[in-house]
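The values are calculated or read from the model by the stated rules, or taken from the named source; none is laboratory data. For clarity, every value in this text was computed on a predicted model and none was experimentally measured. Cβ coordinates were reconstructed from backbone atoms using ideal geometry, including for glycine residues, and neighbour counts include every protein chain displayed.
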Amino acid sequence: MRFLQRIALSIRPPASTSSADTSLRYTDILFGFVIKELFTRLQNWPSVNWTVKAHLLVGTTLVLGSWIGYRRSLNRTSYDVKFFNLPFFRFLADQLMLILYFRIAVITNVDGTGLPDDQTLATHTASLVVAVFALYLVWDALAIWMVFAKTDGGAVPLYPKVGDDGKKTTERQKFEPAGICITAFFLSLVSICWCRSQSPESLWILVAILLGYRWVKEVRTSWTSA
């Protein structure tokens, strides 16, 4: 193997499929930690005000919906995560989302004391949700990049469609622009909600937007899979 080929392989390792599911299992565990933090705070539901209740609903809806979407995603890759391939950057986006989920979950204290004022809580929560949706958009963009990425020769897809037997085929993955369009639309909605988050009532609107987003994504997944 030539020196330049070795350098190329170190920067762009060959794509390989795996059934180990390591990155998914690891991320599932982190989702569990976030959900635990939210559920611990939900136990104080009767003793907190309505702004904190709305904040906890935003966090719970976002995290549970994200976990379902994570497992149901049509674009969830079967390729190994390697330094530094496209699945690695999608995995990195997943971990950044989880950091934001953790931050949303722990804004309020477990015992319900030392809470920020209503406006600060609403604004902070909305800004974190906007950041999460921006990462959703990055994740979808990376999925599209994987569809069109080709080998150095330019004739064969770098991440071709994976067959039912778990092996790579010679076919390009199906291009589905609907996913990124849905994400971009709802990113604009949560951004508007963030701009109007001076009112704590905006958190209730945010809950409705999150439920709408997950419903639309689920409909899209069901229609595409049918």
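At negative phi, surrounded by 12 or more Cβ atoms within 10 Å (Cβ to Cβ), among the basic types (K, R) and part of a loop (DSSP other than H, G, I, E, B): is that true of R220 in this structure?
no
Residues R90, R71, R41: which one is charged (D, E, K, R) and surrounded by fewer than 16 Cβ atoms within 10 Å (Cβ to Cβ)?
R71
Yes/no per residue for (1) polar (S, T, N, Q); (2) on the phi > 0 side of the Ramachandran plot:
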{"position": "F33", "(1), (2)": "no, no"}
{"position": "P46", "(1), (2)": "no, no"}
{"position": "T61", "(1), (2)": "yes, no"}
{"position": "A93", "(1), (2)": "no, no"}
{"position": "L100", "(1), (2)": "no, no"}
{"position": "G114", "(1), (2)": "no, yes"}
{"position": "D117", "(1), (2)": "no, no"}
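Restricting the range 93-119 to residues that are crowded, with 16+ Cβ neighbours inside 10 Å and acidic (D, E), which is nearest to R71 (Cα to Cα)?
Across the range 93-119, the extreme among qualifying residues is D94.
Out of all the residues in the range 86-114, which are among the β-branched types (V, I, T), modelled with pLDDT of 85 or more and over 18 Å from the mean Cα position of the chain (by Cα)?
Scanning the range 86-114 gives V106, I107, T108, V110.
Taking the range 179-204 on its own, how many of its residues are among the hydrophobic types (A, V, I, L, M, F, W, C), more than 24 Å from L57 (Cβ to Cβ) and surrounded by 16 or more Cβ atoms within 10 Å (Cβ to Cβ)?
Qualifying residue count for the region: 1.
Do we have any residue at all in the range 109-128 that's acidic (D, E) and in a helix (DSSP H, G or I)?
For the range 109-128, residues acidic (D, E) and in a helix (DSSP H, G or I): present.
Please find, among F148, F91, F133, F102, the residue that is of a type outside the set (D, E, K, R) and more than 28 Å from S222 (Cβ to Cβ).
Step by step, each of F148, F91, F133, F102 is checked, and only F102 is of a type outside the set (D, E, K, R) and more than 28 Å from S222 (Cβ to Cβ).
Listed here are the residues, each with its yes/no results for (1) under 24 Å from S197 (Cβ atoms); (2) surrounded by 13 or more Cβ atoms within 10 Å (Cβ to Cβ); (3) modelled with pLDDT of 90 or more.
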| residue | (1), (2), (3) |
| --- | --- |
| F3 | no, no, no |
| S16 | no, no, no |
| G32 | no, no, yes |
| V52 | yes, yes, yes |
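Filter the range 193-217 for residues that are out of contact with any His (no Cβ under 7 Å at 6 or more places or on another chain), closer than 13 Å to A122 by Cα and part of a helix (DSSP H, G or I) and give the result.
Once the filter is applied, which keeps residues that are out of contact with any His (no Cβ under 7 Å at 6 or more places or on another chain), closer than 13 Å to A122 by Cα and part of a helix (DSSP H, G or I), the range 193-217 yields C193, W194, C195, S202, W204, I205, L206, V207.
Take the residues in the range 66-85 that are within 23 Å of T183 (Cα to Cα) and among the aliphatic types (A, V, I, L, M); name whichever of them is modelled with the lowest pLDDT.
Filtering first and then ranking leaves L74.
Could you tell me whether A122 is touching a residue at least 40 places away in the same chain (Cβ under 8 Å), over 17 Å from T61 (Cβ atoms), buried (at least 18 other Cβ atoms within 10 Å of the Cβ) and out of contact with any strand residue (DSSP E or B) (no Cβ under 9 Å at 6 or more places or on another chain)?
No, not satisfied.
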